[in-house]
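The values are calculated or read from the model by the stated rules, or taken from the named source; none is laboratory data. Being a predicted model, the structure only gives us computed values, none of them experimental. Cβ placement follows ideal geometry from the backbone for every residue including glycine, while neighbour counts extend to all protein chains displayed. Surface accessibility is based on the protein's heavy atoms, side chains included, excluding ligands, DNA and RNA. Shrake-Rupley method; radii C 1.70, N 1.55, O 1.52, S 1.80 Å.
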Amino acid sequence: MSLKAVDDKDDKKDKPLGSQSLFRGLQLIEILSNFPNGCPLAHLSELAGMNKSTVHRLLQGLHTSGYVTQAPSPGSYRLTTKFISIGQKALSSLNIIHVAAPHLEQLNLEVGETVNFSSREDDHVILIYKLEPTTGMMRTRAYIGQHMPLYCSAMGKIFMAYGNSDYPDHYWQTHQHEIQTLTRNTITELPKMYEELADIRQRGMAMDREENELGVSCVAAPVFDIQQRVPYAVSVSLPTAKLQQIGVKTLIKPVLATAQRISQELGFVIPA
């Protein structure tokens, strides 16, 4: 029996009967989400591991349903804005947004800079709420629904610091292809990351010191739930020059206070 035959057999075992086209269609959607300007049919077929005729047939169904459209480049396809509506509905169904939004808006008005709110999804940070600066001019590239690495973001390091003690080692072993030097400040060595995470737990907050993008810094704090876990994180992003001008302490207090207020709403009792 060939390897492909074995894979096909395993796929059928793992997936409900009659859902092969559904799973293949969802696979194409996930791939296309990485190509905002469109992906050629041939390349999409290669990435999905399907023949062109199957991919074309599935694309036609997605196109008819309004989820996929042809991109400006001939023979390419991209997702439509219909997914934005679906994504917003999914996010709005999360009670946490309704709980956190008033506190995040207050923080946004107080500091005048970009405010971010995220959850952890597997080995990534996912941004679920964002407020643009009210006084600052900088607009970050982050967007709601974006997945970000854990190792090079303030919120990501929060999740690593308050997760299982052996998780960073597992993350480093399984994400070697992803961990790379984005700037001169990016932490890519595991021993140094362990030191960073210990400092985060001690201080109760994390920083992105231009580790993801030069010129942009970030201050983040953990949001605890009733079980003392950290399912969310809140942060403020701003130009490094602005942070140096106002001082880190100016941001730490309001960020921590916001995270604590949201934690209290989730049932977390702050130690006296």
Specify the inter-centroid distance of region 69-120 and region 121-154, based on alpha-carbon positions, in whole Å. 10
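Measure off, as a whole percent, the carbon and sulfur share of the 1.4 Å-probe accessible area of the chain, all protein chains present. Walk me through the numbers on the way to the answer.
On the way: 8070 of 15190 Å².
Percent of accessible area from carbon and sulfur atoms in the chain: 53.
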When ranked by the protection proxy of mean other Cβ atoms within 10 Å per residue, highest first, what sequence do the peptides 36-47, 110-121 form? 110-121, 36-47
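Under the 0.36 nm per residue contour assumption, what length would be gained going from the current alpha-carbon distance of Glu132 and Lys82 to full extension?
Values: separation 50, 0.36 × 50 = 18.00 nm, distance 2.33 nm.
Length gained between Glu132 and Lys82: 15.7 nm.
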Leaving out ligands and nucleic acids, note down the accessible area per residue over the chain with a 1.4 angstrom probe, in whole Å². 56
State the number of lysine pairs found in the chain whose Cα atoms come within less than 23 Å, restricting to pairs 8 or more positions apart or on distinct chains. 18
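Fully extended, how many nm does the chain gain between Gln245 and Lys89 (0.36 nm per residue separation, minus their Cα-Cα distance)?
Taking Gln245 through Lys89 to full extension adds about 52.2 nm, to one decimal.
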Charge dipole (debye, nearest 20) of the chain; +1 at Cβ of Lys and Arg, -1 at Cβ of Asp and Glu: 660
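Ranked highest first by average number of other Cβ atoms within 10 Å, how do 171-182, 50-61, 216-227 line up?
Details: 171-182: 13.0, 50-61: 15.0, 216-227: 22.1.
Most protected by this proxy first, the peptides run 216-227, 50-61, 171-182.
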Could I have the simple spin-label model distance between Arg184 and Trp172, label points 7 Å from Cα toward Cβ, reported in nm to one decimal? 2.4
Sites Gln146 and Asn51, calculated FRET efficiency, Cβ-Cβ separation with R0 41 Å, nearest 0.05: 0.80
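Could you work out [θ]222 nm for the chain from helices alone, using -39500 (n - 2.57) per DSSP H run of at least four and dividing by all its residues? Round to the nearest 500 deg cm²/dmol.
Working: 11 runs with 129 residues, N = 272.
Mean residue ellipticity at 222 nm (helix-derived): -14500 deg cm²/dmol.
May I ask you to order 155-162, 101-108 by the average number of other C-beta atoms within 10 Å around their residues, highest value first? Don't skip to the end; give the middle numbers.
Working: 155-162: 25.5, 101-108: 18.0.
Order by mean packing, descending: 155-162, 101-108.
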How many angstrom lie between the C-alpha centres of region 177-197 and region 230-255? 20
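Can you give the extra length, in nm with one decimal, that the chain gains between Glu121 and Asp225 once fully stretched, where that is 0.36 nm per residue apart less the Cα-Cα distance?
Full-extension gain reported as 35.8 nm.
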